[in-house]
């Protein structure tokens, strides 16, 4: 089976990149797959994760991200020019490769890839949720573009042989599409690390940007009673354009002694093992991979009820606590409750570990194998 995965880049330590890496390792282990990853914005940078040497890596040199920061008119005009270049180069590559399955990890090539007649079945894999473009609440021309592209998404997804979303919640927002399939992300085979609760440590992991909402987490942390902040530590791991702003916010809020912004680490499972629970303050997710990883290590989760994922995963007071989206005082109260109730923390920790049974790699990849097999037999 010849598989091609299309993604913007793999130089960041993001959840989507990590999920792709895990899938590629799975397919390599099968021993009968020809695998390629096609990027648009790698720009000569090495992958953050070590991809298997059996996987061919091709960058098309489109560089959409080079336009970040430009004024809206210039950015939109450049986007259409680069999309034409992207379509031309990807068409040439796919016509040469003649893959069995081509998977778009969304969104750059999704508008045109079904029209490339290379003989492959086309799969769209959405790692966000239906309304992810609207979460920024942008005004003006960019806001209009966000609304138009959200409307356009409903038509684009129908053109694929399979449209894969990550949660039942998100599937409900798309409606009864004939090509719609729900396949969640898998929990990794967790390294042999011993979870050591009782460290009085809270952990958060993700890119330092608007989506992850760590500014909201810091504001919630500042609302905790001072004695709790003195005996507990909040460690945020990530990188991104908000790094300096978040560090300055720690100082402004007077929590710099108990809240730290740390660089991403390849030893994240050791960091989970040294923590008591995970907090997620995201504005939105497609599927919160960090949540699954942490829970598989025995960490319960305190989070906002954001779109999408928590409603599929969290069983309140069994493996975590959810509060109303955007309610920062409620997030602080939920964290305080867990910090002050070791019995609740212990019970939810045991419940969290059971998540790996539902989202095991074997179970999830069996769904992908069945999906691809059915497509190839059509």
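Values for this structure:
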read-out	value
Among the residues listed as 295, 322, the single one being outside the structural domain of residue 172 (by TED's automatic domain parsing) and assigned to a strand (DSSP E or B)	322
So residue 349, is it closer than 22 Å to residue 232 by Cβ, touching a residue at least 12 places away in the same chain (Cβ under 8 Å) and surrounded by 15 or more Cβ atoms within 10 Å (Cβ to Cβ)	yes
Test: residue in region 15-22 that is within 29 Å of residue 75 (Cα to Cα), in contact with a strand residue (DSSP E or B) (Cβ under 7 Å, 6 or more places away or on another chain) and in a loop (DSSP other than H, G, I, E, B)	no
Residue 143 out of contact with any strand residue (DSSP E or B) (no Cβ under 9 Å at 6 or more places or on another chain) and at positive phi	no
Tally, over region 265-285, of residues that are touching a helix residue (DSSP H, G or I) at 6+ places or on another chain (Cβ under 7 Å), in a loop (DSSP other than H, G, I, E, B) and closer than 24 Å to residue 128 by Cβ	2
Number of positions in region 153-178 that are within 22 Å of the chain's Cα centre (by Cα) and either within 26 Å of residue 117 (Cβ to Cβ) or not in a loop (DSSP other than H, G, I, E, B) (or both)	16
Residue 229 being over 21 Å from the mean Cα position of the chain (by Cα) and in a strand (DSSP E or B)	no
Identity of the residue in region 184-210, part of a loop (DSSP other than H, G, I, E, B), at pLDDT 90 or above and out of contact with any helix residue (DSSP H, G or I) (no Cβ under 7 Å at 6 or more places or on another chain), that ends up farthest from residue 369 (Cα to Cα)	199
Filter result for residue 57 (part of a strand (DSSP E or B) and surrounded by fewer than 17 Cβ atoms within 10 Å (Cβ to Cβ))	yes
Residue 130 vs. criteria within 15 Å of the chain's Cα centre (by Cα) and in the same structural domain as residue 281 (by TED's automatic domain parsing)	no
Region 232-255 - residue that is in a helix (DSSP H, G or I) and in contact with a strand residue (DSSP E or B) (Cβ under 7 Å, 6 or more places away or on another chain) and, of those, nearest to residue 335 (Cα to Cα)	250
Matching option when the condition is buried (at least 22 other Cβ atoms within 10 Å of the Cβ) and at pLDDT 95 or above, among 290, 279	279
Candidate set: region 67-99, residues that are surrounded by fewer than 17 Cβ atoms within 10 Å (Cβ to Cβ) and assigned to a loop (DSSP other than H, G, I, E, B); chosen: the one modelled with the highest pLDDT	98
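Rundown of residues vs (1) crowded, with 24+ Cβ neighbours inside 10 Å; (2) in contact (Cβ under 8 Å) with a residue 40 or more places away in the chain; (3) farther than 14 Å from residue 201 by Cα, yes/no style:
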{"residue": "221", "(1), (2), (3)": "yes, yes, no"}
{"residue": "225", "(1), (2), (3)": "no, yes, yes"}
{"residue": "242", "(1), (2), (3)": "no, no, yes"}
{"residue": "252", "(1), (2), (3)": "no, no, yes"}
{"residue": "305", "(1), (2), (3)": "no, no, yes"}
{"residue": "309", "(1), (2), (3)": "yes, yes, yes"}
{"residue": "315", "(1), (2), (3)": "no, no, yes"}
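The values are calculated or read from the model by the stated rules, or taken from the named source; none is laboratory data. All values derive from a computational prediction rather than experimental measurement. Glycine also receives a Cβ, built like all others from the backbone with ideal geometry; neighbour counts cover every protein chain displayed.
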